[in-house]
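Structure record follows, encoded as C-alpha cells.
The values are calculated or read from the model by the stated rules, or taken from the named source; none is laboratory data. The structure displayed is predicted, hence computed values, not measured ones. Don't worry about glycine lacking a Cβ; one is built from the backbone with ideal geometry, like all the others, and counts go over all protein chains shown. These area figures cover heavy atoms from the full protein model, side chains too; ligands, DNA and RNA do not enter into them. Shrake-Rupley method; radii C 1.70, N 1.55, O 1.52, S 1.80 Å.
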Amino acid sequence: MTNVDAPMLDSRAVMSGGDRHAALVDQIRLFATTDSGDRMPRLLDLMLDAVGVAVAGRAAHAGRVAASVFGTAATPWDAAWLHGMQMHALDFDDTHEPSLCHTATALLPGLLALGRAHRRSGRDLLDAYDLGIRFVDFASACGPALNTAGAHSTAVLGSLASAAACGWLLTHDAGMTADAVEVAALLAAGLGAAFGSDGKPLQAARASEIGVRAATFVAAGLHAPHGAAFGDHGVLALWLGVDAPTTVRWGDECVQAVGLVAVKPYPSCFLTHSTIDGTLSLRASLDLRSAADVARMSVAIHPLAAQIADKTSLGAENAKFSLRYCALAALTDGRVNVDTFSVATQQRLVDDAGSFDSWVSKVHVRTDPAAPALSARISLLLADGRERAITVEAPRGSRSAPLTRDDVIAKFRGNASGAYDGNSVQRLLDDVMEMPTATDIAALDLLTSACTAAAPSTRWGMNGNS
C-alpha cells in the first residue's frame, strides 16, 4: 500500500497498559505496509456482492424509508448512511466470521461516497477497503463479546473500522487515521435489541456514516481524544471490561482477513445458515415436503446463535432471526430466498404448519457451549417413525465452503436484475471489475450513482422496479 517502514509493536507493553493510542498509530502503519495485490480478486468478489445486495435492498421496507428520508443524499455522510441501509436492508450482505461484523455495510458505502467526492483511484479505494477489513479482524475477539453483552458488533467495531478505512483513503496518514478511529469511538453505538427490526440496518449503516464523518472532521483539523477506542475508559472497555483492549491482536498484519468474510447464500442472519443447510440436506435425502412430515426436530447450536437467531415469534424482520422459521421454509419450499421473508410467504408457510406456535413446539433448540459458533446439529423424528441426524460444522458461503466467483456473479445478477435491465447489470458488473485500474472512481458513473443516490438514473435503462 505504501513504502513506510513497518513498526515493531510490543504487544506485551500494549497489553500491560502502554500508550494504546501510539500503538494504534503503529497498527495502522503496519497495515499500510502490506500490499493488497494478492487479495484483489477476493476484494472484488466482496464488492460485487455488496453492490448487488444494496441494489436489491432498495425495494425492502428499510431501503424505501431510507430513500424517503435522505432523498438524493447530497453529502458523502448521508450517501453512506442511505446506501448502507439499502445494503443491509435484506440482511443478505457479507459477514466476517470471527467478529460477526457486516464488513461491506460498515465500509463500502462510506468509501464509495468519499472516493467519488475526492476523486480517488480505484486502487486507493480497494487498499482502504482491505485495511478496513483487516481492522475488523484485528479487533475481532471483541465482536462476539459485544453481541453477548447486548451490543451490535457491526455498529461498534464497524464504526471504528469504517473510520480507519475512510481516514486512510482521505489522508494516507497513520496518525490522522488513528485520530479518526478515536473520533468514531465517541459516536459508535448499537444494540442487539434492534435485531429483527428496521433498527438493525439503521445502526449498521450508521457505522459507515460515522467513518465518513470522523475522517472528514479529522482531515479538517479536529483534535481527537486519545484512548476513546482502546483506552481503559474507551468504548470497548466500557462495554466489555478493562481487559477487552488487550484481546485485540496488536502487531498482527491480519493479511488473511478477507478470506474470513463469508458471502451469504441466504438473506437471513448468518447464524441461521447451518440450520438451513442441514434442513435442505435432510429434505432431499428423506423426500420431505411439509411440516406434517416432521414429528419432532432438535437443533443443537452455540449459545450465541441461540441468543441472536432463535426468535420464536414472527412480525417485522423477526423471521430472518428465527432459525425455526428458516428451517420451516427450507423444509417446505426447498429454498430460502428473498421471497421467503415476504408477508405472503410467511403466511403460507405458517398455514402449512398449522400455526407458527405449533411449529415452534415441534422444534427443540438446545445450546452447546463447546459447539463451533457457526455449527448446527439437526435431529429429526419423522411422522412415519424414521429418525435421521446431520451435523453442519459451518455453512455454505463460509471460509470452509466459500462461494465461487461464478456463485458470486450469479447472486449479483439475481439481486441487480430487479432494478436494472440486462445490459445495465453487465455494465454495473464491469464497473466493479474495472475498479483496480480506474484512475478516478467518479468515472465509473453507473457504480457510483448506484451506490450514492436514492434512485438510479433512467438513462441507464432501468426497468423502474426499484
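For the chain, relative contact order (Cα pairs under 8 Å, six or more residues apart, normalised by length) works out to 21 percent. Between helix 323-333 and the chain there is an angle of about 60 degrees, using the helix long axis and the longest principal axis of the Cα atoms. To the nearest 10 Å², what's Leu260's accessible area with a 1.4 Å probe? In the full protein context, Leu260 sits at about 30 Å². Output the 0 to 90 degree angle, nearest 10, between the alpha-carbon long axis of helix 273-286 and the longest principal axis computed from the alpha carbons of the chain. Approximately 30 degrees, to the nearest 10. Which option, [x] 126; [y] 212; [z] 181, is the value of volume of the Cα convex hull per residue in Å³ that was calculated from these coordinates? Only one option fits the structure, namely [x]. When you restrict to C-alpha pairs under 8 Å that are six or more residues apart and normalise by the size of the range 99-232, the relative contact order lands at 31 percent.
Please report the spacing between the Cα centers of the range 214-245 and the range 321-337 in Å, no decimals. Here the answer is 41 Å between Cα centres. How about Lys411: which lysines have a C-alpha closer than 22 Å to its C-alpha, ignoring those fewer than 8 places off in the same chain? Candidates past the 8-residue exclusion: Lys264, Lys320. Calculated [222 nm] ellipticity per residue, helices only, for the chain: -16000 deg cm²/dmol; basis is -39500 (n - 2.57) per DSSP H run with n ≥ 4, divided by all residues, nearest 500. The aspartates and glutamates whose alpha-carbon is closer than 20 Å to the alpha-carbon of Lys362, local same-chain residues fewer than 8 away aside, are Asp277, Asp287, Asp293, Asp310, Asp333, Asp351, Asp352, Asp384, Glu387. The order of Ser153, Ser285 by accessible area, most exposed first and with a 1.4 Å probe, is Ser285, Ser153. Extension gain, Arg296 to Ala370, is 24.3 nm, computed as 0.36 nm per intervening residue step minus the present C-alpha separation. For the range 121-266, the per residue solvent-accessible surface stands at 28 Å², with DNA, RNA and ligands left out and a 1.4 Å probe. Taking all protein chains together, Met433, Met85 sort by accessible area into Met433, Met85, largest first [probe 1.4 Å].
Applying 1/(1 + (r/R0)^6) with r as the Cβ-Cβ distance of Thr171 and Thr437 and R0 = 22 angstrom yields a FRET efficiency of 0.40.
Peptide packing: for 381-390, 86-95, the average count of neighbouring Cβ atoms within 10 Å per residue gives the ranking 86-95, 381-390, highest mean first.
Among rounded, prolate and oblate, which fits the range 35-189 when a ≥ b ≥ c are the square roots of the eigenvalues of its C-alpha gyration tensor, a/c under 1.5 means rounded, and a/b larger than b/c means prolate?
In terms of gyration-tensor shape, rounded.
Rounded to the nearest 10 degrees, what's the angle between the helix 61-70 long axis and the longest principal axis of the chain, both from Cα atoms, 0 to 90? Roughly 30 degrees, rounded to the nearest 10. Surface composition of the chain: carbon and sulfur atoms hold 52% of the protein heavy-atom accessible area at a 1.4 Å probe. Modelled spin-label separation between Arg405 and Asp421, with each label point placed 7 Å from Cα along the Cα-to-Cβ direction: 2.9 nm. What does the charge add up to near Gly211, with Lys and Arg as +1, Asp and Glu as -1, over the other residues with Cβ less than 14 Å from its Cβ? Neighbourhood net charge equals -2.
Between Asp38 and Ala389, residue separation times 0.36 nm minus the direct Cα-Cα distance comes to 122.3 nm. Extension gain, Thr72-Ala316: 0.36 nm per intervening residue step, less the Cα-Cα distance, totals 85.2 nm.
I need the shape label for the range 170-265. Rule: rounded when a/c is under 1.5, else prolate if a/b > b/c, else oblate, with a, b, c from the alpha carbon gyration tensor. Here the range 170-265 falls in the rounded category.
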